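The values are calculated or read from the model by the stated rules, or taken from the named source; none is laboratory data. Nothing here was measured: the structure is a model prediction, and the numbers come from that model. Please note: Cβ atoms are built from the backbone with ideal geometry, for glycine as well, and neighbour counts cover all protein chains shown.
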Amino acid sequence: MDTFLKEIEERKDEFYRYVYRNIWDTSVADDVFSSAVLAAYKSKSNFKEGSNFRAWMYRILTNKCFVANREISRRGENIDDYQNYFVDAIKNESYKKATRDPDEFLEMCGDEVLVAMKKLSTMERSCLLLKTMQHFSYKEIAEILEIPFGTVMTHLSRGRAKLRKELTDYAHESGHLKKPEVIAFEQGRKTV
Amino acid sequence: MKKVEDKFLFAYIDGELSVSEVEELESQLSKEELQQLVSEKKIERGLGNKLNSAPGCSSDLWSQISSEISAEENLQKSSYSKTWLYLTFATAAAITLFFSIEWAKYPSWIPQSVVELADQSQVKVDKALINDFIAKHGVPVKIADFPDTHHGRKISLVGAAIEKVAGDDVVSIYFNCCGKPGKVYLVPENGKSDLFLQNEKKKSHGSAMKLANKGKYTAVYVSTHKDAGVLSALTTEI
């Protein structure tokens, strides 16, 4: 087998998982992944020897995910200055309470994490997946997604903030966590 | 948490800070703030594990992709082979066409090689014998005295023969000019063969033919050599 194809095969599970988590409709994951591998194989002459093969592959995979999600205006929003969504989100008192025990919080959220992930834009989700799942640096993510460094941080920040809000809302609605107004009401009664 | 530090807090969770930056940041945070960042790190790690629990690429899917790539490769190879085949045919056709055009450019009575002329000669090399041959056929023209090198061209006699031109028997003298074949037809002025050759010259064989008047005869110099005109001085009327 071609050495190029062998390199893809070695990481096929990792690549597939990324596609699976990135696209909205998981029933087309096989098609999106196949078309990305074929596209990579056809354009293998474009890969510069010695450069980051993994990052190059993720660029192709991400492009295919964008097409599958029909979100073609990926570069429509270039927010070069880091914006402070995430720090605001984690300063929220109700969130702080919910995450006092992170393991318990995650267990309580269960598959809701995946549902919340789907509510993010493809760009936010791609940034999060590349960082949280694949542990790429901000610089590598910027190269993969072909966006400025600051934009990566902003997408990450906003994605994480949305994710945390969704999960906290879920915790309240499902009764795992008391709603802030209930807490306030209870505190008021105690005072009286 | 101070707003100016937000970027650093974010980078701290992602492990994007250097050791010294981490130390500096941690020294500036309260215990509660630090505890929250540690929690966030845990949450991120937990999220990563959750996301990585997605299924991997099935072996069936990989086999299918591998087959598609093999098919693609074969298609490319066959396309390369076809391209080579087409190129080979095209080259062969171009070569054939080139030689056909070259061949068609000159009628068969224009000599192609000195050897061919030597084979056709009825009398060979000797000037006196050739002059006798010309005279014997009633043509009042003889070969002039010419040096071995004439106008920078090395010229020698090959022989002479009778050839059919436009149905007429015509005396033809054969020369070797710089290794290339040349011949001189001696045709009666305004005769059938003269008119025919004049017409041939007009058609496109101008560069290969020169006509010169030798009394009542026309000497028609024929050669694929560009300087066929050099041969014009080689005959003289008697």
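Consider segment A:16-36. How many of its residues are more than 11 Å from residue A:65 (Cβ to Cβ), within 16 Å of the chain's Cα centre (by Cα) and not charged (D, E, K, R)?
Residues flagged as more than 11 Å from residue A:65 (Cβ to Cβ), within 16 Å of the chain's Cα centre (by Cα) and not charged (D, E, K, R) within segment A:16-36 amount to 2.
Quick one: which helices (runs of 4 or more DSSP H) sit completely within segment B:1-78 and have at least 2 residues that are aromatic (Phe, Trp, Tyr)?
Details: elements: B:6-13, B:19-28, B:31-51.
It comes to B:6-13.
Has segment B:138-149 got any residue that is surrounded by 12 or more Cβ atoms within 10 Å (Cβ to Cβ) and more than 21 Å from residue B:212 (Cα to Cα)? Break it down into steps so the answer makes sense when it comes.
Kept after step one, since they are surrounded by 12 or more Cβ atoms within 10 Å (Cβ to Cβ), are these residues of segment B:138-149: B:139-144, B:146.
The next check asks that each one be more than 21 Å from residue B:212 (Cα to Cα); those that pass are none.
Within segment B:138-149 (the criterion being surrounded by 12 or more Cβ atoms within 10 Å (Cβ to Cβ) and more than 21 Å from residue B:212 (Cα to Cα)), the answer is no, since none of the residues qualifies.
Being surrounded by fewer than 19 Cβ atoms within 10 Å (Cβ to Cβ) and either more than 7 Å from chain A (Cβ to nearest Cβ) or touching a residue at least 12 places away in the same chain (Cβ under 8 Å) (or both) is the filter here; which residues of segment B:38-58 pass it?
Correct list: B:38, B:41, B:44, B:45, B:49, B:53, B:58.
List the number of the failed condition for residue A:45; all other conditions in (1) under 18 Å from residue A:145 (Cα atoms); (2) modelled with pLDDT under 90 hold.
(1)
If you go through segment A:131-161 one residue at a time, how many are in contact with a helix residue (DSSP H, G or I) (Cβ under 7 Å, 6 or more places away or on another chain) and in a helix (DSSP H, G or I)? Before the answer, list the steps.
Going through segment A:131-161, the residues in contact with a helix residue (DSSP H, G or I) (Cβ under 7 Å, 6 or more places away or on another chain) turn out to be A:131-134, A:136, A:138-145, A:148-149, A:152-153, A:155-161.
Those still in the list that are in a helix (DSSP H, G or I) too: A:131-133, A:138-145, A:149, A:152-153, A:155-161.
Total satisfying the criteria: 21.
In segment A:19-43, which residue that is surrounded by fewer than 16 Cβ atoms within 10 Å (Cβ to Cβ) and of a type in the set (D, E, K, R) is nearest to the other protein chains (Cβ to nearest Cβ)?
Filtering first and then ranking leaves A:42.
Among the residues of segment B:6-32, what is the count of those that are buried (at least 16 other Cβ atoms within 10 Å of the Cβ) and either at pLDDT below 85 or more than 9 Å from chain A (Cβ to nearest Cβ) (or both)?
Looking only at that region, the number is 9.
Among the numbered criteria (1) in contact with a helix residue (DSSP H, G or I) (Cβ under 7 Å, 6 or more places away or on another chain); (2) surrounded by 22 or more Cβ atoms within 10 Å (Cβ to Cβ), which single criterion is violated by residue B:172?
All conditions are met except number (1).
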